[in-house]
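Trainee: Take this structure, written in structure tokens, and hold onto it; I'll ask about it next.
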Amino acid sequence: MPVDEPRRIPVRRPDDVTATELVGGVEKRELFLAAYDPAWARQYAMQEARVRAAVGSTAVAVEHIGSTSVPGLAAKPIIDILVTVADITAEEDYLAPLVASGYVLRVREPGHRLVRTEQRDVHIHILELDDPAAGDYLLLRDHLRIDQADRQLYEATKRDLTRRDWPDMNAYADAKTAVIEEIKGRARSRLATR
């Protein structure tokens, strides 16, 4: 599951898919960081409108996530979007319309679907509304927006990791897990002391 944020622990409904389907197989991609670009927010807004036009009220929420959603943070220039739905198994309500609107299916796995643009510059993660991973994406994003030290730590970690050779983006994402968990721990502590 290529994503620039927390790796998720699948939450599987009994009627959901039981295996991971990686459409197109493993892809090796060049990984690099770009300086924060205010245009990423505009690109997100255009994609949000496209998603909402395709799926309507099936999208309970649409959120800009990932490093491109954090002002000042260098990122891979891929816009990550979280779409939450009431029922992940009701693919006819969201997956078919998204594909019909031009997105390409990349991942089907328990509790998660991912579609992307043909250019691979937008990744749309679909999760159920109550999936803990949805909250984790927002927790990390919101914390990095306000905590300069953790933003710098995360960027330094990503810079180090992008200098290495990875078989695919999943391996790169896995390598960030420890730092992401550390940052989320501080974010939860900050929220608990409010």
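Trainee: Could you say which residue among ARG113, ARG141, ARG108, ARG120 is farther than 19 Å from ARG52 by Cβ and in a strand (DSSP E or B)?
Mentor: From the options ARG113, ARG141, ARG108, ARG120, the qualifying one is ARG108.
For every residue, the table says whether it meets (1) under 26 Å from ASP150 (Cβ atoms); (2) at pLDDT 95 or above; (3) not in a loop (DSSP other than H, G, I, E, B).
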site: ARG12; (1), (2), (3): no, no, no
site: ASP16; (1), (2), (3): no, no, no
site: GLU27; (1), (2), (3): no, no, no
site: THR84; (1), (2), (3): yes, yes, yes
site: GLY102; (1), (2), (3): no, yes, no
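Trainee: Going through segment 176-194 one residue at a time, which ones are under 19 Å from the mean Cα position of the chain (by Cα) and among the hydrophobic types (A, V, I, L, M, F, W, C)?
Mentor: ALA178, VAL179, ILE180, ILE183, ALA187
Trainee: Provide a single number: the residues in segment 146-161 that are crowded, with 17+ Cβ neighbours inside 10 Å and β-branched (Val, Ile, Thr).
Mentor: Counting residues in segment 146-161 that are crowded, with 17+ Cβ neighbours inside 10 Å and β-branched (Val, Ile, Thr) gives 1.
Trainee: For segment 125-138, indicate whether the set of residues that are of a type in the set (Val, Ile, Thr), outside any helix (DSSP H, G or I) and crowded, with 17+ Cβ neighbours inside 10 Å is non-empty.
Mentor: yes
Trainee: Only residues that are buried (at least 22 other Cβ atoms within 10 Å of the Cβ) and aliphatic (A, V, I, L, M): list them for segment 60-72, please.
Mentor: ILE65, VAL70
Trainee: Tell me the residue from ALA45, ALA96, ALA53 that is in a helix (DSSP H, G or I), surrounded by fewer than 18 Cβ atoms within 10 Å (Cβ to Cβ) and touching a strand residue (DSSP E or B) at 6+ places or on another chain (Cβ under 9 Å), please.
Mentor: The conditions single out ALA45.
Trainee: Another one. Tell me which residues, restricted to segment 39-83, are under 12 Å from the mean Cα position of the chain (by Cα) and of a type in the set (Val, Ile, Thr).
Mentor: Passing the criteria: VAL62, ILE65, THR68, ILE78, ILE79, ILE81, VAL83.
Trainee: Sticking with this structure for a sec: Determine whether segment 151-161 contains at least one residue that is of a type in the set (S, T, N, Q), within 29 Å of MET46 (Cβ to Cβ) and over 18 Å from the mean Cα position of the chain (by Cα).
Mentor: Scanning segment 151-161 turns up no residue that is of a type in the set (S, T, N, Q), within 29 Å of MET46 (Cβ to Cβ) and over 18 Å from the mean Cα position of the chain (by Cα).
Trainee: From (1) crowded, with 21+ Cβ neighbours inside 10 Å; (2) part of a loop (DSSP other than H, G, I, E, B); (3) among the hydrophobic types (A, V, I, L, M, F, W, C), pick out the condition that doesn't hold for LEU31.
Mentor: Failed condition: (1).
Trainee: Further, regarding this structure: Considering only segment 162-181, how many residues are assigned to a helix (DSSP H, G or I) and out of contact with any Leu (no Cβ under 8 Å at 6 or more places or on another chain)?
Mentor: So the count comes out to 7.
The values are calculated or read from the model by the stated rules, or taken from the named source; none is laboratory data. Keep in mind that this is a model prediction, so the values were computed, not measured. Reconstructed Cβ throughout: ideal geometry from the backbone, glycine too, with neighbour counts over all protein chains shown.
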